[in-house]
Amino acid sequence: MDQNLGNLIKSLRKERKMTLKEVSEKTNLSISFLSQVERSLCSITLLSLRKISEALGVSPSYFFPDTIQIEKNMIRRSTDKQIEHKSSFTYSDLSGNVSNPLFVPILVTLLPGDERDTPFSHEGQEFIYVIDGTLTIILDDTEYDLYPGDSLHMDSTRPHNWFNKTKKPTNFLFVSTVTSG
């Protein structure tokens, strides 16, 4: 895991004067796991990062400042860095440096064999568009496979999760509304 990510999470948690227990209660992630994430001792999934972001009241893009601003237009160049982890995904924030964004677009690559995780729900909406590969979605305890060109727009309060159970990477565009935390 990127050591800066763990440090950023810990720094923001302390800035918010929150304990690991409080973050754990808001995210349903164990205190032990959160501690390991902060110390960069384990990898983190995009979904766990989203839970932590929401608990701390920020967008996931807070942890990945890879945008540039040109003449008041927010532009992200395709040559901007992607955030790669020693985990099962690559996360590339496609948003600009917009103040108070209403949504966050993210390009996600899930590597082969990503494990099924427990579905969760949160405020907001999500849109997913599969670029290539097969993305397995769990929605209300039902499993669906999405293929290139397939999309899903849903209310995030429905229990959901995603994973890649294939032997090839899956690339998809993920757009989520920003929730106040």
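Quick notes
- Pairing each residue of region 1-22 that is more than 13 Å from residue 55 (Cα to Cα) and modelled with pLDDT under 95 with any residue that is assigned to a helix (DSSP H, G or I) and open to solvent by less than 30 Å² (accessible area, probe 1.4 Å), provided the two are 6+ apart or on different chains, yields C-beta distances under 6 Å for 5/63; 6/37; 6/38; 8/63.
- Among (1) modelled with pLDDT of 90 or more; (2) closer than 14 Å to residue 47 by Cβ, the one test that residue 167 misses: (2)
- If you filter region 1-44 down to residues that are small (Gly, Ala, Ser) and surrounded by 15 or more Cβ atoms within 10 Å (Cβ to Cβ), you find that the one that is nearest to residue 59 (Cα to Cα) is 6.
- Residue, modelled with the lowest pLDDT, within region 110-133, restricted to residues that are open to solvent by less than 30 Å² (accessible area, probe 1.4 Å) and touching a Phe, Trp or Tyr at 6+ places or on another chain (Cβ under 6 Å): 114
The values are calculated or read from the model by the stated rules, or taken from the named source; none is laboratory data. These numbers come from a predicted model, not from an experiment. Virtual Cβ from ideal backbone geometry, glycine too; neighbours counted across all protein chains shown. These accessible areas exclude ligands, DNA and RNA; they are computed on the full protein's heavy atoms, side chains included. Shrake-Rupley method; radii C 1.70, N 1.55, O 1.52, S 1.80 Å.
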